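Everything below concerns the one structure shown next.
The values are calculated or read from the model by the stated rules, or taken from the named source; none is laboratory data. A quick note: this is a predicted structure, and the numbers were derived from the prediction, not measured. Note: ideal-geometry Cβ built from the backbone for every residue, glycine included; neighbour counts use all protein chains shown.
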Amino acid sequence: MFNIIKVNNEQQFNETGAGIIASLLQTNPRAALGLATGGTPVGVYQHLIELHKQGLVSFKEVRSYNLDEYIGLAEDHSESYRRFMNEKLFNHVDIDLNNTHVPSGVSGDGHKAAEEYTQLLEQAGQIDLQLLGLGHNGHIGFNEPADELKAATHVVELDEVTRKANARYFNSIDEVPTHAITMGIGSILKAKQILLMAKGADKAEIVAKALKGPVTTQCPASLLQLHPNVVVIVDQDAGRLL
Ligand code: GLP
């Protein structure tokens, strides 16, 4: 169930998120981390880098598995999630890049890449901590609202809502890829612990729906209600309706 932490400002938000990840790595230096992109975790990663610089946390033996990737963006494209992870976290800590995993969006065969990522996750065993942001439509990773959700990693067509929300990072909406590869809901729910983070007034309604509304595939994050160990960090705005 949910352990909801309401914080008062951006700094607390980032420190709380980074603190949870850092304490896990202090007790389990070989932890498997499920990582997320988007605006929400950026400050958390920055704070983790600070903790690393202070010698308080090491990523030397950490294995990481990212949730998703756009199809069709080269790894060095400014908006690819591989590049995001390298720039926002990996390049600034002592993680071995060979131990970092992001689904491949440029293999030419998205379905095969998804299948390979599913196998990789199976070999990895249980993810110790899965970090999640929250889309305005209730998506987690890129699991968009639908009549049915898939358990394993798969190719997904992005919602217009999602493409519009993410267009802010591109020159225009036309440049936002139409498809992505995402870990499925099954893989996400298998994690030992989940850390869901949301901030800002525009997330208040979907946070309430996800945490307190009916469990429905039309709000993929609502399936987190089925998980026994979810920590939720919200700021006052995003947590307003809880
Ligand atoms: C993106 C990502 C998600 C992320 C979500 C929210 O499209 N695929 O993993 O959690 O949308 O993004 P943000 O944190 O920028 O609001």
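When the residues of region 112-132 are narrowed to those that are in contact with a strand residue (DSSP E or B) (Cβ under 6 Å, 6 or more places away or on another chain) and of a type outside the set (A, V, I, L, M), which ends up nearest to the ligand (Cβ to nearest atom)?
Q130
Within region 21-53, count every residue that is in a helix (DSSP H, G or I), in contact (Cβ under 8 Å) with a residue 60 or more places away in the chain and either within 16 Å of the ligand (Cβ to nearest atom) or touching a helix residue (DSSP H, G or I) at 6+ places or on another chain (Cβ under 9 Å) (or both).
Of the residues in that region, 2 qualify.
Of all residues in region 194-224, which are without any contact (Cβ under 8 Å) to a residue 40 or more places away in the chain and outside any helix (DSSP H, G or I)?
G200, G213, P214, V215, T216, listed by residue number.
All but one of (1) under 23 Å from I20 (Cα atoms); (2) within 14 Å of the ligand (Cβ to nearest atom); (3) polar (S, T, N, Q); (4) touching a Phe, Trp or Tyr at 6+ places or on another chain (Cβ under 6 Å) hold for T153; state the number of the condition that does not hold.
(1)
Of all the residues that make up region 127-151, how many are among the aromatic types (F, W, Y) and farther than 17 Å from T37 by Cβ?
Number of matching residues: 0.
Looking at region 84-109, which of its residues are part of a helix (DSSP H, G or I) and surrounded by 19 or more Cβ atoms within 10 Å (Cβ to Cβ)?
Those that are part of a helix (DSSP H, G or I) and surrounded by 19 or more Cβ atoms within 10 Å (Cβ to Cβ): F84, M85, K88, F90.
Scan region 111-118 and give yes if some residue there is within 30 Å of G213 (Cβ to Cβ), in contact (Cβ under 8 Å) with a residue 12 or more places away in the chain and out of contact with any His (no Cβ under 9 Å at 6 or more places or on another chain), otherwise no.
Scanning region 111-118, I find no residue that is within 30 Å of G213 (Cβ to Cβ), in contact (Cβ under 8 Å) with a residue 12 or more places away in the chain and out of contact with any His (no Cβ under 9 Å at 6 or more places or on another chain), so the answer is no.
Considering only residues of region 147-165 that are in contact (Cβ under 8 Å) with a residue 40 or more places away in the chain and under 19 Å from the mean Cα position of the chain (by Cα), which is nearest to S80 (Cα to Cα)?
So the residue we want is V155.
Hey, can you tell me all the residues within region 138-170 that are of a type in the set (S, T, N, Q) and either at pLDDT 95 or above or in a strand (DSSP E or B) (or both)?
Listed by number, the residues that qualify are N143, T153.
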